[in-house]
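The values are calculated or read from the model by the stated rules, or taken from the named source; none is laboratory data. If you're wondering where the values come from, they're calculated on a predicted model, not measured in any experiment. No Cβ is skipped: glycine too gets one built from the backbone with ideal geometry, and neighbour counts run over all protein chains shown. Side chains are part of the model used for accessible areas, which takes the heavy atoms of the whole protein and leaves out ligands, DNA and RNA. Shrake-Rupley method; radii C 1.70, N 1.55, O 1.52, S 1.80 Å.
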Number of protein chains: 4
Amino acid sequence: MTARTVASFLITVVSSLLATALLAAPGQTADCKPSRWGVEDQIGNANLINPASILAASKLIKTGKSYPLGIVIDSNTPAYPPRSLSLQVVQPGQQFGRIAFPNAIYNDDLLQIWLGIGPQIDGLGHIGSEGSFYNCNAAQDVSDINGLKRLGIENVPPLVARGVVLDMAAHFGVEFMQAGQFFGVDDVEAVQKKQGTPIREGDVVLFHTGWTDAKLASDPDAWVSQEPGQSEEVARYLAGKSVVAVGADTWGLDVVPSPDPDRPFQGHVILLKENGIYILETMNTGPLVRDGAYEFLFVLGPARIRGAVQMIINPIAIR
Amino acid sequence: MTARTVASFLITVVSSLLATALLAAPGQTADCKPSRWGVEDQIGNANLINPASILAASKLIKTGKSYPLGIVIDSNTPAYPPRSLSLQVVQPGQQFGRIAFPNAIYNDDLLQIWLGIGPQIDGLGHIGSEGSFYNCNAAQDVSDINGLKRLGIENVPPLVARGVVLDMAAHFGVEFMQAGQFFGVDDVEAVQKKQGTPIREGDVVLFHTGWTDAKLASDPDAWVSQEPGQSEEVARYLAGKSVVAVGADTWGLDVVPSPDPDRPFQGHVILLKENGIYILETMNTGPLVRDGAYEFLFVLGPARIRGAVQMIINPIAIR
Amino acid sequence: MTARTVASFLITVVSSLLATALLAAPGQTADCKPSRWGVEDQIGNANLINPASILAASKLIKTGKSYPLGIVIDSNTPAYPPRSLSLQVVQPGQQFGRIAFPNAIYNDDLLQIWLGIGPQIDGLGHIGSEGSFYNCNAAQDVSDINGLKRLGIENVPPLVARGVVLDMAAHFGVEFMQAGQFFGVDDVEAVQKKQGTPIREGDVVLFHTGWTDAKLASDPDAWVSQEPGQSEEVARYLAGKSVVAVGADTWGLDVVPSPDPDRPFQGHVILLKENGIYILETMNTGPLVRDGAYEFLFVLGPARIRGAVQMIINPIAIR
Amino acid sequence: MTARTVASFLITVVSSLLATALLAAPGQTADCKPSRWGVEDQIGNANLINPASILAASKLIKTGKSYPLGIVIDSNTPAYPPRSLSLQVVQPGQQFGRIAFPNAIYNDDLLQIWLGIGPQIDGLGHIGSEGSFYNCNAAQDVSDINGLKRLGIENVPPLVARGVVLDMAAHFGVEFMQAGQFFGVDDVEAVQKKQGTPIREGDVVLFHTGWTDAKLASDPDAWVSQEPGQSEEVARYLAGKSVVAVGADTWGLDVVPSPDPDRPFQGHVILLKENGIYILETMNTGPLVRDGAYEFLFVLGPARIRGAVQMIINPIAIR
């Protein structure tokens, strides 16, 4: 090999390596394995919901009691930075005694909001890794300032499923778990067994840690800074169970701080990106566990704003 | 009567009349009759929802098929002026290749929106008359720039009820009713009979006019300018039936233009203010009537922003 | 007078009184005297600005030193409720390594703001009384949810004038005046004399109280709750001098709390409504008085958003 | 060289190249040459403004005539996507006849806006290249969702300088230049000579193309899609002249489409990033050229929102 040949060879190799690096960095992971639901799928495990599963879940309605799983939020509700909201109630056309309608008066309202506040669903375009979101969607292609081009919240079908709440606080014998305290697969299995509520395919699983009941009002700064939550293994375990959605009575589901500082919110990556499983945050699980309502029909229709990543929600549990 | 006596009498009468006028104009209607649910009530006919009613309604689930009643909206969706929305999807902390998390990437979204766009629920603080909203709530006291002080959407309990959709278009033998065309009590009764779906206390009633399916995409300006809808008498009739909510596949439920130009949206006044009955707009009733799904379990949990007047929604029908 | 006659007379009188009451309450004050600038005028004393006045004022530039009269504001800046602001810097089209331009990168920014925050100009449509704003503009006619129909900030011509700052703090021998402390006409006259800066027709007059320098950073809650300021008589006195604008280094110019609780911000009514004189708030007068720069060329071009009531500003003083 | 040696060498070279690529892509350009104003400088050529330059420029005021260089904008004003604005005028505390103050009524206004609409200044953090903005500021470090950490608009000192408008339309003998038509250095030099207004250090230079006068109202879509403007060489030429700011009566200063498709808006890169020269867009130069007002005192104080990238403005020309 002459120097010239080496140089030429080098240029070829380096160009190729750089090209790969540049390709891989922002865009499509060449080696991405499509979702089990096909390369075009945008809804992940919501595919598991069908008339049969809904019919079966509806049998869980035995008393007719319903529970709103959303708490009330306002401009003081703490949220993951820089999220905030501001609401205005106004009276168009009725300024200074003006009459808009001869027979009626009215209020209207406008809102400036980050959609990841309080009770919320994380759509499949919320968290990804290595340049892509769920189902090999290249991050730089699906994300757009005007709204997601794929994986937007408008695609989410009615989430109607068996809901299971697992009382992790009771498992640990506490009113509420501590910030940074996590529960593992053994804990989750123990609670299923204790409650007699095994997790099944197609379920919506909610964890009760007691965190929001204990801290949101009394110490909002602490509430939003850290949280108890699932370990990464639990996310993987739930993915193995083929659930549709996983939620908790915390602002972020995963334990914060993460035991592994290099893998914060890894549960989000596992559920949303790797498995097409939705995440539900700040769910009001307290009333459910206080009633021993461990199983129920879960019903959620997120408002369908095209391209939204997340949505403020108030799912209904009925048992 | 001397001139002096007359003058004195006049002053008394006039003062009294003016005082009444001033009182009545902005504030509490002295002669307001409280709601049947008590002077403190903020939720109106949602009081009719209870475990027994929910349990009964849940029996309507027979096939497990679910329907999202919300359509997809975006910044192009026409709305009652000056309502509009704007969404942005952003990547906090990830600008220009910056890494927010060692193991993950993420999108967030912020929204500027008037809450009365597309599929929406009108709360009881939306439309009133003569200085007050539902249950003698003085308009100037409950309304506030930062959010309603009473009657806010956060008070709405889970709306879980028997849902009935009445196919008015089929009744008139058309694909869609015309702008300005209204249906009266006879029409509503005829359709109930024809469909075998009598309206009962505690129901959520939806009207299918075909308007949105026919016009929203093809002629958005026409869609939002006028609409077919209920006559004022229908609102009163439904109030007499003690329903919980009334909706339609139109942006405003009531016929527009109103047959009586002095009483536009009078159905709103009758339902919301006089009877504590919620209104649901731009409901996607097409799939229901095409399936002959005239009865179903209706489930709605509106996101609970304190003091909001309306809320973007996506109720779920299950049958 | 028979009973019948009395009744008839009563009805006439009462109807007439009520009609007047209803007319006067919201709308055009029948007895309103148009501005000295004519019934169509929308800019008030800005009419006093002309090439001759500007040429004369420009002679005040003697050293070439310039002063930004606006301070820096952000989402933490306190403001009169419910005013607030929120800014986002984003990178459209550049998410996750995407390239917007082959040769360039860029930041863009969006803002949600109440325009009455920090350094601001109050347009003539900001404060009125008895149903009207400046120049007999009926409040209910000129105000509109989409923007003022008249008197909007877009009408304000370049405010280029002789500027005079009056050091009221120095007059009282203090670093800063106290909340609720006001200065009267005598004080204003004394300072003019002491400084050798008589107020003249067409001037922009600024008061230095020391309030913002002393309190904004150290005690923001106190800063925004109260303030030293002009007495009502001073506003009238300045109107008599035919000034173009009046400002101060406080958030609201007028003393708060007002000595007369029934006349809060009466100086605003006198200046804006009764005399077509603009108000400038949170002006950074400290550097001027520290330099003894009591006279200067004042230059302000408020951004011209159609129908805006107020505008965030940063006027420039040059001497 | 053995195969092993070559491989080892390759690895070394490739690693090094990749490291450089990774370093260069997002962050600090190792080989960046700091600005002539020092490594800490954030204001670029605004450093050229000083009392002497202002005093000299003030001598250009000869008639006292003033010109607002900002046009009126509203929610219909076209803008570079996805920019838009929405304004609301409201009456806090005065709903339905409520009285906020015993003696006064008031309007307030809130605004949702992208700051790059209509008449605007581009701050030095707006456009950069190769991972950095002006003065070696790494893009990923200075940009932040909550506002620029450096180079924000709040740093811009009063821009008070000699203003020169060059009538390029007259030069080409047209009322307005065509979309895609650019002017070069020769053209700029010819106009300086013809007008007798040589560009000097510290100037603010504005180009009149006639574009906005001709197209904004009559064909807004065309107006915002393309534009006449400076060639890249003109930007370099002006940088060589050490001007403070460059503007035009177009939405983007540079010619669009660019003659070189690989270098769109390269003038922005040259001015903002490479030379710390501000850009002024949609300047209302028509009245200046119609008056033959080719030289004037230019005065601009942009509202100081911390971390803003751009700002809506209305500079004042005085001659």
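Quick test for you: out of D:269, D:243, pick the one residue that is in a loop (DSSP other than H, G, I, E, B) and crowded, with 24+ Cβ neighbours inside 10 Å. Lay out the reasoning, then the answer.
Values: D:269 fails: in a loop (DSSP other than H, G, I, E, B).
The unique qualifying residue is D:243.
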Quick test of your reading of the structure: residue C:203 fulfils all but one of (1) within 28 Å of residue D:311 (Cβ to Cβ); (2) within 17 Å of the chain's Cα centre (by Cα); (3) within 14 Å of chain D (Cβ to nearest Cβ); (4) not hydrophobic (A, V, I, L, M, F, W, C). Name the failing condition by number. (3)
Among D:85, D:69, D:115, D:110, the single one that is closer than 23 Å to residue C:158 by Cβ, within 13 Å of chain B (Cβ to nearest Cβ) and either touching a residue at least 24 places away in the same chain (Cβ under 8 Å) or not acidic (Asp, Glu) (or both) is D:85
Looking for something among the hydrophobic types (A, V, I, L, M, F, W, C) and either modelled with pLDDT under 95 or open to solvent by 30 Å² or more (accessible area, probe 1.4 Å) (or both) - is there at least one such residue anywhere in segment C:60-70? no
Would you call residue C:105 among the β-branched types (Val, Ile, Thr), touching a residue at least 12 places away in the same chain (Cβ under 8 Å), within 20 Å of residue D:304 (Cα to Cα) and open to solvent by less than 30 Å² (accessible area, probe 1.4 Å)? no
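Can you say whether residue C:149 is of a type in the set (Lys, Arg), open to solvent by 10 Å² or more (accessible area, probe 1.4 Å) and under 27 Å from residue D:154 (Cα atoms), as far as the supplied structure shows?
Values: of a type in the set (Lys, Arg): yes; open to solvent by 10 Å² or more (accessible area, probe 1.4 Å): yes; under 27 Å from residue D:154 (Cα atoms): no.
Here the answer is no, as residue C:149 does not meet what is asked.
Please verify whether residue B:285 is out of contact with any Ser or Thr (no Cβ under 7 Å at 6 or more places or on another chain), crowded, with 24+ Cβ neighbours inside 10 Å and among the β-branched types (Val, Ile, Thr), treating the condition exactly as stated.
On the way: out of contact with any Ser or Thr (no Cβ under 7 Å at 6 or more places or on another chain): yes; crowded, with 24+ Cβ neighbours inside 10 Å: yes; among the β-branched types (Val, Ile, Thr): yes.
Yes.
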Residues satisfying the stated conditions in segment C:130-140, i.e. over 14 Å from residue C:42 (Cα atoms) and open to solvent by 10 Å² or more (accessible area, probe 1.4 Å): C:130, C:140
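Can you find a residue that is more than 14 Å from chain C (Cβ to nearest Cβ), open to solvent by less than 20 Å² (accessible area, probe 1.4 Å) and either at pLDDT below 95 or within 30 Å of residue B:141 (Cα to Cα) (or both) anywhere in segment A:169-188?
Quick first cut of segment A:169-188, residues more than 14 Å from chain C (Cβ to nearest Cβ) only: A:169-188.
Of the ones still in play, those that are also open to solvent by less than 20 Å² (accessible area, probe 1.4 Å) are A:169, A:177, A:183-184, A:188.
Among the residues that remain, those that are also either at pLDDT below 95 or within 30 Å of residue B:141 (Cα to Cα) (or both) are: none.
There is no residue in segment A:169-188 that is more than 14 Å from chain C (Cβ to nearest Cβ), open to solvent by less than 20 Å² (accessible area, probe 1.4 Å) and either at pLDDT below 95 or within 30 Å of residue B:141 (Cα to Cα) (or both).
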Cβ pairs under 6 Å, 6+ apart, first in segment C:27-50 and at pLDDT below 95, second not small (Gly, Ala, Ser): C:27/C:140; C:29/C:130; C:32/C:136
For segment B:135-158, state whether one or more residues are within 30 Å of residue B:317 (Cα to Cα) and of a type in the set (Ser, Thr, Tyr). no
From the list B:256, B:299, exactly one residue is crowded, with 21+ Cβ neighbours inside 10 Å and within 29 Å of residue B:112 (Cβ to Cβ). Which is it? B:299
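Which is part of a loop (DSSP other than H, G, I, E, B) and of a type outside the set (S, T, N, Q), of C:311, C:283?
Result: C:283 is the single residue among C:311, C:283 that is part of a loop (DSSP other than H, G, I, E, B) and of a type outside the set (S, T, N, Q).
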Is there any pair linking a residue in segment B:53-65 that is more than 7 Å from chain A (Cβ to nearest Cβ) to one that is open to solvent by 40 Å² or more (accessible area, probe 1.4 Å) and in a loop (DSSP other than H, G, I, E, B), with Cβ under 7 Å and at least six apart or on different chains, and which? B:60/B:319; B:62/B:319
Matching residues, segment A:137-162, being without any contact (Cβ under 8 Å) to a residue 60 or more places away in the chain and in a helix (DSSP H, G or I): A:142
Boolean, residue D:87 is part of a loop (DSSP other than H, G, I, E, B), of a type in the set (A, V, I, L, M, F, W, C) and either open to solvent by less than 10 Å² (accessible area, probe 1.4 Å) or closer than 26 Å to residue C:68 by Cβ (or both): no
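For segment D:123-135, indicate whether the set of residues that are assigned to a helix (DSSP H, G or I) and more than 12 Å from chain B (Cβ to nearest Cβ) is non-empty.
Pass one, segment D:123-135, residues assigned to a helix (DSSP H, G or I): D:134-135.
From what is left, the residues that are more than 12 Å from chain B (Cβ to nearest Cβ) are D:134-135.
Yes; the residues of segment D:123-135 include at least one that is assigned to a helix (DSSP H, G or I) and more than 12 Å from chain B (Cβ to nearest Cβ).
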Go through segment A:72-82 and give me each residue that's facing chain C (nearest Cβ under 9 Å) and either at positive phi or polar (S, T, N, Q) (or both). A:75
Residue D:45 versus (1) within 12 Å of another protein chain (Cβ to nearest Cβ); (2) within 21 Å of the chain's Cα centre (by Cα); (3) polar (S, T, N, Q); (4) within 24 Å of residue D:160 (Cβ to Cβ): which is the lone unmet condition? (1)
Does residue B:305 count as buried (at least 24 other Cβ atoms within 10 Å of the Cβ), touching a helix residue (DSSP H, G or I) at 6+ places or on another chain (Cβ under 6 Å) and not small (Gly, Ala, Ser)? no
Name the residues in segment C:224-237 that are surrounded by 24 or more Cβ atoms within 10 Å (Cβ to Cβ) and assigned to a helix (DSSP H, G or I), would you? C:234, C:235
Of A:230, A:310, the only residue that is facing chain B (nearest Cβ under 10 Å) and either more than 22 Å from residue A:118 (Cβ to Cβ) or at pLDDT 95 or above (or both) is A:310
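Of the residues in segment B:208-223, how many are within 27 Å of residue B:82 (Cβ to Cβ) and buried (at least 17 other Cβ atoms within 10 Å of the Cβ)? I'd like the intermediate steps shown before the answer.
Going through segment B:208-223, the residues within 27 Å of residue B:82 (Cβ to Cβ) turn out to be B:209, B:211-223.
Subsequent filtering for residues that are buried (at least 17 other Cβ atoms within 10 Å of the Cβ) retains B:209, B:211-216, B:223.
Residues that pass the stated criteria total 8.
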